[in-house]
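Everything on this sheet refers to the single structure shown next.
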Amino acid sequence: MQLQTILKRLQRHKSFVYRQAPFWDSDEGLALDVAVQPRVNGRPICSGCGQHRPGDDRLPTRRFPFVPLGGIAVFFVYALRRVDCPPCGVKVERGPWAAGQEHVTTTLQWFLARWAQRLSWQEVADVFWTRWNTVYRAVTLAVLWGIANRSLEGITGIGIDDIPWRKGHKYRTLVYQIQQGCKRLLYVAAERSEESLRGFFDMLGKTHAAALEFACSDMWKPSLKVIAACAGQAVHVLDRYPVRAQMNKAIDAVRASEAKRRKADGHEPVLKHSRWLLLKRPENLTDNQTAKLKELLQYNLKSVRAYLLREAFQRFWEYRSPYGAGRFLRDGCAKVMRSRIEPRKKVARMLRSHEELLWNGFEAKGVVSAGSGEGRNYNAKLTMRKAYGFHTLRGVKIALYHRLGALPEPQFTHKFC
Ligand SMILES: [Zn+2]
């Protein structure tokens, strides 16, 4: 079978034909130049208005990289025509295989973008003999197309997360759809602020906001305010993750001051290297760390008591009825308030003042997947790390939407990967 036949099957362009395809040796290895020619009487399309216009004058011949076939780099070789267009003036024709000023075929761009969901952008560039910037442009194309063509119908549950992105308490706000069976990133806000979150509701529009049944977030006041204003009918659910994070903050504060005091008093430094033992989930510890933690828990320390309290609180999420959970919460908080450990008391006060949000969780059980905020945050951080190489907000946004946005793609005659 001839290459031209294969290409015609993979990528047919009505007004163009594939001609001779000689091999040549590029710096990266074997390459193929596929000459493309317009059909006789085929008139070029003006890149300004999209209309067929006359034009025979040619620009210099150019190579447009296409998807590599069998490890061989493939280029479409073509000299674009100059178009004489009455409304637009003299323009360059629009070739059907590349968009606008792109030097790369659209098919290759979608191919690279799809690989960039599995590999880091630099890895994609290395494997397919291209540059990081080309991969970035390809991913951007995929994201912009996906966002313009995604549907916002039927969103009933959202989760609002904040992820730190720089030292010094800088946060970005990410909004996800978190219904059963549909989890995807909907919105990335530059910072954690009331205005940023309003940006999400502006994007969503009033009709879709009115269809929201649940909104899951932390207890940060501006978030609560915006949700109440833009989707007042939605039941507000407290996410497990920020509750745990608050408790960890308290444990850390207790541990730090206790370790300092013990050192000053000349006690045995049992709390040395204990930070992560106490903060990580027990199931995430290594065997060695588990053994060390077991040893540490033998001591009668404030840090240990704070740790045990957090672990005991996990039971709260397992209650099936608000009644039992309510008693559990009230008893627990009362006990903490009697203690003299200020960081713990702060957490108890916070839980008490947001009791209602905790109850809402029971109503939402099975409808939204609350409590998955930690997993979402992990994936978002991983994505930002994998797409390293840029520092702009736009780059970060593109990477996050691409990886976590579950964006749609156009229909292709052939999927290359
Ligand atoms: Zn025109």
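A few remarks follow.
- Exceeding the 21 Å Cα-Cα cut-off - candidates Lys170/Lys263; Lys263/Lys302; Lys302/Lys346: Lys170/Lys263
- Take the chain and mark each of the GluC sites (Glu not before Pro) that is in a DSSP loop with at most 15 other Cβ atoms within 10 Å; the longest unmarked stretch, sites excluded, is 192-417.
- Cα long-axis angle, helix 240-264 against the chain (0 to 90 degrees, to the nearest 10): 60 degrees
- Solvent-accessible area assigned to carbon and sulfur over segment 213-320 amounts to 52 percent, based on a 1.4 Å probe.
- Three-way shape label, the chain, alpha-carbon gyration tensor, a/c 1.5: prolate
- When nucleic acids and ligands are ignored and a 1.4 Å probe is applied, Ile147 ends up with an accessible area of around 60 Å².
- For the chain, the longest principal axis of the C-alpha atoms and the axis of helix 322-338 are separated by about 60°.
- Under DSSP loop assignment and at most 14 Cβ neighbours within 10 Å, longest trypsin sites (Lys or Arg not before Pro)-free interval of the chain: 168-271
- Contour excess over end-to-end distance, with Cα ends at Gln180 and Gln20 and 0.36 nm allotted per residue: 52.3 nm
- An oblate overall shape is assigned to segment 126-194, the ratio a/c of its alpha-carbon gyration tensor axes (a ≥ b ≥ c) being 1.5 or greater and a/b not exceeding b/c.
- Taking Cβ atoms as reference points and 10 Å as the exclusive limit, the residues near Gln177 contribute a net charge of +2, counting Lys and Arg as +1 and Asp and Glu as -1.
- On a per residue basis, segment 25-172 carries 51 Å² of accessible surface, using protein heavy atoms and a 1.4 Å probe.
- Placing unit charges on the Cβ atoms only, positive for Lys and Arg and negative for Asp and Glu, gives the chain a dipole magnitude near 1040 debye about its Cα centre.
- Heavy-atom accessible surface of segment 204-323, averaged per residue, reaches 58 Å², computed with a 1.4 Å probe.
- Zone of Cys417's modelled label, taken as backbone nitrogen in segment 122-141 under 15 Å from a point 7 Å along Cα→Cβ: 122-140
- Rounded tilt (10° steps) of 373-386 against the dominant C-alpha axis of the chain: 40 degrees
The values are calculated or read from the model by the stated rules, or taken from the named source; none is laboratory data. This structure is a prediction, so every number in the text was calculated from the model and none was measured. Glycine gets a Cβ as well: all are built from the backbone with ideal geometry, and neighbour counts include every protein chain shown. What goes into the accessible areas is simple: the full protein's heavy atoms, side chains included, and nothing from ligands, DNA or RNA. Shrake-Rupley method; radii C 1.70, N 1.55, O 1.52, S 1.80 Å.
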